[in-house]
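The next block holds one structure in the form of structure tokens; read it before the comments.
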Amino acid sequence: MQPHLLSLADLSYAEIINILDTASDLKEKRARGKTSSALKNRTLAMLFEKSSTRTRISFEVAMTELGGHAIYLSYRDIQLGRGESVADTARVMSRYVQAIMARVYKHETLIELEKNSTVPVINGLSDLEHPCQLLADLMTIREYKGKFKGLNFSWIGDGNNVCNSAMLACALTGMKMTVACPEGYEPNHDVTAKAKELGGMINIIHDPKRAAKNADILYTDVWVSMGDEEEYDRRLRDFKNYQINSKILELAKHDVMVLHCLPAHRGEEITAEVVEGPNSAVFDQAENRLHAQKALLLKLLS
Ligand code: CP
Ligand code: NVA
């Protein structure tokens, strides 16, 4: 395994399954109140250029519950925000901590961190990918469906960072992926090519109804990602027909599971009825961030 996780494609199928097995085991042990000190005296630095609820809390709790420690670092509060280079920040942090998790605007910042760090670097979301999210999503899919191969995974909405990682996740696990997005909002070209190179069955279309038909999994995310705020009005207009609602759900399989990485904007990309409905797995999905990341930390730090 690579010492870093910048892209989901840094992991092989076998490594993903191994992480998911560990994650499920840790989840079951946590439910029984079993504790661990596997990462005693280990520290994770968590660098954030943008907001976070789930990523921040789940990584911090993961380190605490594994006997280690996590430090939250907003770029505004450290010298990075006053012009110290990413390279120097990485070199200095590597002298103190055993791993760095970073949420950044530009994916290049992660590459610069990786190049200059002597400890593992984990992508906590960039403009290009959100691999930790997809580890939790795969765990959730396996819990609900018991398999990956042959499932119809349909993405409705923006071809964004989460969608890019989802394409790689589908390619690595044998799920058929359909992306339905407005023209001009397709997923990243290079990631699409990479997913296809990995054997991915990826179909990018513009009709949400066609994507929903026979879906085992329906996934959406916000129409306006962090960093896209200036395009808010235009995006709301462009995406108005790409909502996951009860009509769309009717086209999917009766036992379709609905995923959303959260935060959700009820009434925009998804209706409140669907988020709260019987097909929604969004809160299990959010919980699984904790278990999947614990497994990842154990792998990278052991
Ligand atoms: N899904 C996710 O990454 O959520 P946060 O932005 O709250 O971390
Ligand atoms: N695509 C969203 C995901 C947030 C977890 C964003 O980048 O803002």
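Checked against (1) within 16 Å of ligand 2 (Cβ to nearest atom); (2) more than 20 Å from Asn241 (Cβ to Cβ); (3) in a strand (DSSP E or B), Phe153 passes all but condition (1). Within region 20-52, the set of residues being within 16 Å of ligand 1 (Cβ to nearest atom) and either open to solvent by 80 Å² or more (accessible area, probe 1.4 Å) or assigned to a helix (DSSP H, G or I) (or both) comprises Ser51 only. Among the residues in region 194-201, are any on the phi > 0 side of the Ramachandran plot, modelled with pLDDT of 95 or more and in contact with a helix residue (DSSP H, G or I) (Cβ under 7 Å, 6 or more places away or on another chain)? Within region 194-201 (the criterion being on the phi > 0 side of the Ramachandran plot, modelled with pLDDT of 95 or more and in contact with a helix residue (DSSP H, G or I) (Cβ under 7 Å, 6 or more places away or on another chain)), the answer is yes, since at least one residue qualifies.
The requirement of being of a type in the set (S, T, N, Q), over 25 Å from the mean Cα position of the chain (by Cα), assigned to a loop (DSSP other than H, G, I, E, B) and more than 16 Å from ligand 1 (Cβ to nearest atom) is fulfilled nowhere in region 65-81; no residue meets it. For the condition closer than 21 Å to Ala292 by Cβ and within 14 Å of ligand 1 (Cβ to nearest atom), Glu129 qualifies.
Of the residues making up region 157-170, just one is free of Cβ contacts under 8 Å to residues at least 40 places away in the same chain and in contact with a Leu (Cβ under 7 Å, 6 or more places away or on another chain), namely Asn164. For region 171-196, which residues satisfy the criterion of being open to solvent by 30 Å² or more (accessible area, probe 1.4 Å), away from ligand 2 (no atom under 16 Å from the Cβ), in contact (Cβ under 8 Å) with a residue 40 or more places away in the chain and in a loop (DSSP other than H, G, I, E, B)? Gly184 - this is the single residue of region 171-196 that is open to solvent by 30 Å² or more (accessible area, probe 1.4 Å), away from ligand 2 (no atom under 16 Å from the Cβ), in contact (Cβ under 8 Å) with a residue 40 or more places away in the chain and in a loop (DSSP other than H, G, I, E, B). For region 158-170, a residue qualifies if it is more than 16 Å from ligand 1 (Cβ to nearest atom) and assigned to a loop (DSSP other than H, G, I, E, B), and exactly one does: Gly159. Of all the residues that make up region 1-19, how many are assigned to a helix (DSSP H, G or I) and without any contact (Cβ under 8 Å) to a residue 12 or more places away in the chain? Adding up the residues that qualify gives 2.
Once region 226-267 is narrowed to residues that are open to solvent by less than 90 Å² (accessible area, probe 1.4 Å) and part of a helix (DSSP H, G or I), the residue that is farthest from ligand 1 (Cβ to nearest atom) is Leu251.
Taken over region 212-225, the residue count meeting the criterion of being among the aliphatic types (A, V, I, L, M), within 17 Å of the chain's Cα centre (by Cα) and surrounded by 22 or more Cβ atoms within 10 Å (Cβ to Cβ) is 3.
If you go through region 268-283 and keep only what is assigned to a helix (DSSP H, G or I) and either open to solvent by 60 Å² or more (accessible area, probe 1.4 Å) or under 15 Å from Gln243 (Cα atoms) (or both), you end up with Ala272, Glu273, Val274, Val275, Phe283.
Glu269 satisfies every condition listed in (1) in contact with a helix residue (DSSP H, G or I) (Cβ under 6 Å, 6 or more places away or on another chain); (2) touching a residue at least 40 places away in the same chain (Cβ under 8 Å) except (1). Does Glu60 count as without any contact (Cβ under 8 Å) to a residue 24 or more places away in the chain and surrounded by 15 or more Cβ atoms within 10 Å (Cβ to Cβ)? Yes: the conditions hold for Glu60. Pairs are defined by a Cβ separation below 6 Å, a sequence spacing of at least 6 or placement on different chains, a first member in region 80-109 that is on the phi < 0 side of the Ramachandran plot, and a second member that is charged (D, E, K, R) and open to solvent by less than 20 Å² (accessible area, probe 1.4 Å); the pairs so defined are Arg103/Lys50.
The values are calculated or read from the model by the stated rules, or taken from the named source; none is laboratory data. Since we're looking at a predicted model, the values are computed, not measured. Neighbour counts are summed over all protein chains in view; Cβ atoms, including those assigned to glycine, are modelled from backbone coordinates with ideal geometry. Just so you know, the surface numbers come from the protein's heavy atoms only, side chains and all, with ligands and any DNA or RNA stripped out. Shrake-Rupley method; radii C 1.70, N 1.55, O 1.52, S 1.80 Å.
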